[in-house]
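Peer 1: After the structure tokens below, expect a handful of questions from me.
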Amino acid sequence: MVAIFKRLKKGLSKSRTNITEKITTAIKRSPKLDEVFWEDLEEALISSDVGFEATVEIVDKLRADAKKQRLKESADIQSLLIENISEILSVGKSKILKDDKQIIIVFGVNGTGKTTTIAKLYNLAKSKGKESILAAADTFRAAAIEQLEIWANRLSAKIVKHERGSDPAAVVYDSIKAADARNSDYVIADTAGRLHTQANLMDELKKIKRVATEKAGDYTVKTLLVLDANTGQNALVQTKLFNEALGVDEIALTKMDGTAKGGIVIAIAKEFRIPISFIGIGEGIDDIEEFDPKSFSEALFQT
């Protein structure tokens with residue numbers, strides 16, 4: 001557990017440095033819990049993409065807890081801050097890769113690291129002794145099938161694919177049949193990167209989910225939205241649009257190692273109450289962590 005925490009802390013180093021430096025500056029500026037400190041703390045959280053609503057809730061609760069515990073020094077609120085953040089992030093238990101017999105429909109706009117995340121999920125499941133089938137259901141984008149196939153070859157994974165331009169729902173259907181025949185634990189389906197302005201592609205995604213649900217049999221259908229942490233507040237817009245159109249069960253947040261504004265995790269959890277299940281903290285196949293609210297909060301906010 002210590003090794004995992006150290007890895008997480010290292011992966012979040014940019015965000016951690018950004019946030020802790022601001023908090024440390026606030027503490028040095030105002031050693032006592034005065035209004036200047038609370039204002040500085042608010043500014044530190046908002047500028048780290050925590051979001052206005054979540055920031056107000058966090059600071060109001062910290063004020064109340066500090067008063068209740070009769071704290072006087074600004075340095076004494078760190079443990080309360082970590083506890084508070086952890087509570088906000090505890091919005092539900094992740095089930096993806098936790099239960100057997102799942103069809104995992106993975107979606108998100110192009111450039112979020114979706115295909116790489118799928119490969120990481122496959123590898124993570126494999127490390128737990130689980131067998132998965134990859135479904136190349138992104139039949140829209142040029143080279144998408146080939147990219148997933150490259151990962152499948154590297155991982156010695158079973159992949160189901162059709163020709164480019166074919167019906168992606170049919171790919172998922174054939175993948176379910178193959179998984180059932182092989183008694184595989186998971187089907188992990190890649191889908192075309194979609195924007196809310198591309199109504200035909202969003203309709204295609206709905207069809208994939210509908211077909212998967214109809215043909216699931218003993219499998220449970222789960223939807224996983226992949227978001228790029230570097231997009232900041234735009235990730236909230238993407239979450240809203242996909243959730244309204246399709247329903248998002250869980251979220252994977254990628255490129256956490258590349259952003260200095262890791263607070264977006266808190267903003268998403270606060271606004272949508274959707275579990276953050278995985279975070280990507282590097283480019284390697286093993287650079288994915290199953291999200292734990294307490295460990296994340298400690299890794300991000302411990303000065």
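Peer 1: For Leu224, which of the numbered conditions (1) open to solvent by 20 Å² or more (accessible area, probe 1.4 Å); (2) within 22 Å of Ile266 (Cβ to Cβ) fails to hold?
Peer 2: (1)
Peer 1: Let me ask something else about it. If I go through the range 23-38 residue by residue, how many of them are open to solvent by 70 Å² or more (accessible area, probe 1.4 Å) and in a helix (DSSP H, G or I)?
Peer 2: 4
Peer 1: Name every residue in the range 133-144 that is within 23 Å of Asp185 (Cβ to Cβ) and either of a type outside the set (Asp, Glu) or in contact (Cβ under 8 Å) with a residue 60 or more places away in the chain (or both), in order of residue number.
Peer 2: Those that are within 23 Å of Asp185 (Cβ to Cβ) and either of a type outside the set (Asp, Glu) or in contact (Cβ under 8 Å) with a residue 60 or more places away in the chain (or both): Ile133, Leu134, Ala135, Ala136, Ala137.
Peer 1: Just the residues that are of a type in the set (Gly, Ala, Ser) and either in the same structural domain as Glu43 (by TED's automatic domain parsing) or in a helix (DSSP H, G or I) (or both), please, taken from the range 224-246.
Peer 2: Ala229, Ala235, Ala245
Peer 1: Mind listing whichever residues of the range 153-207 are in a strand (DSSP E or B) and among the basic types (Lys, Arg)?
Peer 2: Of all residues in the range 153-207, those in a strand (DSSP E or B) come to 158-160, 186-191.
Within the range 153-207, Lys158 is the sole residue that qualifies.
Peer 1: If you go through the range 124-140 one residue at a time, how many are under 23 Å from Asn200 (Cα atoms) and either within 23 Å of the chain's Cα centre (by Cα) or loosely packed, with under 15 Cβ neighbours inside 10 Å (or both)?
Peer 2: Just the residues of the range 124-140 that are under 23 Å from Asn200 (Cα atoms), to begin with: 135-140.
Pick out the ones that are also either within 23 Å of the chain's Cα centre (by Cα) or loosely packed, with under 15 Cβ neighbours inside 10 Å (or both) and you get 135-138.
The total comes to 4.
Peer 1: Here's something else I'd like to know. Determine, yes or no, whether Thr117 is of a type in the set (Ser, Thr, Tyr) and touching a strand residue (DSSP E or B) at 6+ places or on another chain (Cβ under 6 Å).
Peer 2: So Thr117 fits the description; yes.
Peer 1: Looking only at the range 114-146, count every residue that is out of contact with any Leu (no Cβ under 8 Å at 6 or more places or on another chain) and assigned to a helix (DSSP H, G or I) and tell me the total.
Peer 2: 8
Peer 1: Let me ask another. Can you tell me how many residues within the range 151-187 are basic (Lys, Arg) and farther than 17 Å from Lys126 by Cβ?
Peer 2: Counting residues in the range 151-187 that are basic (Lys, Arg) and farther than 17 Å from Lys126 by Cβ gives 3.
Peer 1: So, of the residues in the range 39-56 that are surrounded by fewer than 17 Cβ atoms within 10 Å (Cβ to Cβ) and among the acidic types (Asp, Glu), which turns out to be farthest from Ser297 (Cα to Cα)?
Peer 2: Selected residue: Glu39.
Peer 1: Take the range 146-161 and flag every residue that is basic (Lys, Arg) and under 12 Å from Ala178 (Cβ atoms). Spell out how you get there, then give the answer.
Peer 2: At the first step, the residues of the range 146-161 found to be basic (Lys, Arg) are 154, 158, 161.
Scanning the range 146-161 gives Lys158, Lys161.
Peer 1: Moving to a separate point now. Restricting to the range 251-299, give me the number of residues that are more than 13 Å from the chain's Cα centre (by Cα), part of a loop (DSSP other than H, G, I, E, B) and of a type in the set (Lys, Arg).
Peer 2: 1
Peer 1: Look through the range 57-113, keep the residues that are part of a loop (DSSP other than H, G, I, E, B), polar (S, T, N, Q) and out of contact with any strand residue (DSSP E or B) (no Cβ under 8 Å at 6 or more places or on another chain), and return whichever of them is least open to solvent (accessible area, probe 1.4 Å).
Peer 2: Ser90
The values are calculated or read from the model by the stated rules, or taken from the named source; none is laboratory data. Note that this is a predicted model, so its numbers are computed, not measured. Neighbour counts are summed over all protein chains in view; Cβ atoms, including those assigned to glycine, are modelled from backbone coordinates with ideal geometry. To get the accessible areas, we keep the full protein, side chains included, count just its heavy atoms, and leave off ligands, DNA and RNA. Shrake-Rupley method; radii C 1.70, N 1.55, O 1.52, S 1.80 Å.
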